[in-house]
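What follows is a short report on a single structure.
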């Protein structure tokens, strides 16, 4: 498993699902694809398995274009995604 980032913000976009920010750092140098399997671990130990459903264009003041934010499966709701949760890539096939 590869630790990608900790969730700093979640955007719920109607018709698309929840977008996690900051997203995958470009500095990792990986080509992670739509459908890649993820494990999200909350600060309190809760676990969610999901997949990347799309990559989104999102520009924030603190992260600019140095990260690739993405949406997760539409079954995952914003209230399930706690700030500070760690996002892990769990399958090498997602690269």
Problem - Filter result (loosely packed, with under 14 Cβ neighbours inside 10 Å and without any contact (Cβ under 8 Å) to a residue 60 or more places away in the chain) within the stretch 17-33 - result: 26, 27, 29
Handout entry: Contacts under 6 angstrom Cβ, first residue in the stretch 76-87 being in contact (Cβ under 8 Å) with a residue 24 or more places away in the chain and at positive phi, partner outside any loop (DSSP other than H, G, I, E, B) and surrounded by 11 or more Cβ atoms within 10 Å (Cβ to Cβ), 6 or more apart
Key = 84/6
Handout entry: Count of the stretch 1-33 residues which are assigned to a strand (DSSP E or B) and out of contact with any helix residue (DSSP H, G or I) (no Cβ under 6 Å at 6 or more places or on another chain)
Key = 16
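Computed from the coordinates by the stated procedures, all read-outs in this text should not be read as laboratory data. What you see is a predicted model, and the numbers here were worked out from it, not measured in a lab. Please note: Cβ atoms are built from the backbone with ideal geometry, for glycine as well, and neighbour counts cover all protein chains shown.
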